[in-house]
Structure formats: structure tokens, C-alpha cells
Amino acid sequence: SFLETLRRSIGYPFSDSSPIQCVVCSENGFDLGTFGERAAVASILWRNGISCEFSAQSGVMMSLLACLTSKWEWNVEMLLRICAIMNIPFVVVVVPHLFRSKHAVKVRAATMHSSSGEVYNYAGSEDFVPLSSLATYLLERLKSLKDENDDVDGSLQHLASSTADAISTVQMQSHHANVDCIYVEADQYFDNEHKVSKSDSSQWKQVRKNMKSVSSKMINHINKVFDPSTGNGQSIPVVAVDLPFQVVREVGSSVMFNGISSLNSNDVNGKDMGSKYPQHKKTLRTLSFAMDTVCRRYKKEVSLFLYSVPCDKYDLITITL
């Protein structure tokens, strides 16, 4: 690609993945007026294991200045180009009025994919991200970059594992829910305790994508209704299943009043869910196994969300054990 050609022409031994994962700047680059805000954002990222630079006097930036003229002017577009060359994937832009009034920043990717390979992000697309979820957002984006490139490097997996407790704490302090997605298909189900791989399903990438999408949607739903900071910090079970919402509502009622076994029993009067919806019998059986697994993690009762994937609707149920 153009960027690879440019890196080779410079003659500097850039690594495939920079030790710096993002640069924190303002719309004017590294101006003195936003130094405090940039330092605060960098502190949030450092606490969550994300390496970043926020000052022109940092090691990475000083090495650049040594090669450039004194007329060099920092700005967002120039920083994006430099980050693209140096394999620094993201630039966090602090806009003072947004930072103070909305407690949010802008995030731009340094590169984008094209038919010719990796190129500078000339489209200028950016995301508006609250400070409370900035670390989680960047970690997810870093993982996505790794999945897109089908990279077997385990450095990001180690990063995610080593910062899981810190992220959970930050989410609780920031009033953000933490969900545990169990994804149910006709023949099997998947959860976060065992990461989905090629050996589990031929559609493993789609399963991962679906689980990630469902978790994101449910976090948004929960944060609109609940204040998870009043809880005990335990993950909220979300059982996502490929069933119409009408069936999901009946499943919830059946489980609460007749028990999980009502999904997979053979009632002579045809009152069990499998007899009522024979076209969904296999999925209902697998769903009963998944819900039984969830309930074993709790002692007295468990509240969980049943999520209808095709209808994008959910039902909250409580099961007494």
C-alpha cells in the first residue's frame, strides 16, 4: 500500500505495531491552553493499560521534532498523517467546550482500508465518545483492528486480560453496566467464558460480531433504565436467541411460572413450548441448556434479559431457584 511504500522510503525501522496506541491532542495540536485537559484524558487511558502521548515534549514527539524544521506547526491533520506512518492507530481530539460541558472527546482513526490497502484516513470520519467509556471504546477498536487483519499476535489479548478488572471498576464508577452475553443458536450456544474460535463454529467471526453487537445494544438499553452502581458489580446475564419476540415473551413467562424444564419437556396436553412451537423446538431445547447453565451461577434467584435477535427487543425476567 501507499503507507507501506512511504514507511520504507523513510528508512526508519517502524514496527508493525507501535508501543503507542493513541495520541491525545487538541484541534490546534499540542497547544498550551489544553494541556490540563489532555493530561486528564491521558491519565484515564494509562489507568486502563492504553499507552498514549499527549505532549510535544514526549519521547515519540521529540524524536520527530529532531528530524523536522523549526517551522513545524502541529495540527490534527498533520498529526493524523504522522500517526498513520508510525503505526499509531488513533488520535483523541480534546475540544475544550465539549470536554467541559459534555465530558466527551472526539476519536479519529489514523488509517482506513481501501482497495489498494491501508491508507491515511482522508475521509475525516470521527466518533463522539464520552470520557466514561473512552477506554472501553478504544480497547474494543484495538481488538477489532486485530480481528480485521486476522493477526495472531497475542499482545492485545494480554492487554484485555490484564485490564479487565480495571475496566470493570471504571465502568461501575462511571455508572456503566457490564453484561455477560450468552448467544444461542439452534445446535449450540456460546458465552464469554470460552472465547469463540474456528473449532467451535464455521461462522465464528459472525458469532463474535453478533455477541459484541448484542452486548453493546444491551449496555445502552440498561444504562437508560438502571443505575448499575447500586448493584454488586456482577455481570447482568443477557441470553440472545434467534426467535421472534412474541415467542421470547412466552418463553419468559413459561420459565418464570413453570421452570426451565417447560422449554424441553413433552407435555401430553401439548402445553410445553416445544409442542406449541414445533418449528423452534431445537432452538428451545438449546435455550433451556443455556439458561440452566446461567442459573447454576446463582444461589437464590437470577434476573436476566431475554433478547430477540431478529426483532431487536428484549424481556427482563426473574427466575427463583
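Structure data summary
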{"quantity": "The stretch 40-54 - residue that is open to solvent by 30 Å² or more (accessible area, probe 1.4 Å) and under 19 Å from the mean Cα position of the chain (by Cα) and, of those, nearest to Val23 (Cα to Cα)", "calculated": "Ser51"}
{"quantity": "Number of the exception - Asp147 against (1) in a helix (DSSP H, G or I); (2) over 14 Å from Ile20 (Cα atoms); (3) modelled with pLDDT of 75 or more", "calculated": "(3)"}
{"quantity": "Strands (runs of 3 or more DSSP E) contained entirely in the stretch 17-128, each with at least 1 residues that are at pLDDT below 70", "calculated": "111-114, 117-120"}
{"quantity": "Odd one out for Val302, checked against (1) under 29 Å from the mean Cα position of the chain (by Cα); (2) part of a loop (DSSP other than H, G, I, E, B)", "calculated": "(2)"}
{"quantity": "Pair list, Cβ < 9 Å and 6+ apart or interchain, from the stretch 200-217 residues that are more than 22 Å from Lys313 (Cβ to Cβ) and in contact (Cβ under 8 Å) with a residue 40 or more places away in the chain to residues that are open to solvent by 80 Å² or more (accessible area, probe 1.4 Å) and part of a loop (DSSP other than H, G, I, E, B)", "calculated": "Lys205/Lys198; Arg208/Lys195"}
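The values are calculated or read from the model by the stated rules, or taken from the named source; none is laboratory data. Given the structure is predicted, the values throughout are model-derived calculations rather than measurements. For neighbour counting, all protein chains shown are included, and Cβ atoms are generated from backbone atoms with ideal geometry for every residue, glycine included. Ligands, DNA and RNA are excluded from the accessible area calculation, which covers all protein heavy atoms including side chains. Shrake-Rupley method; radii C 1.70, N 1.55, O 1.52, S 1.80 Å.
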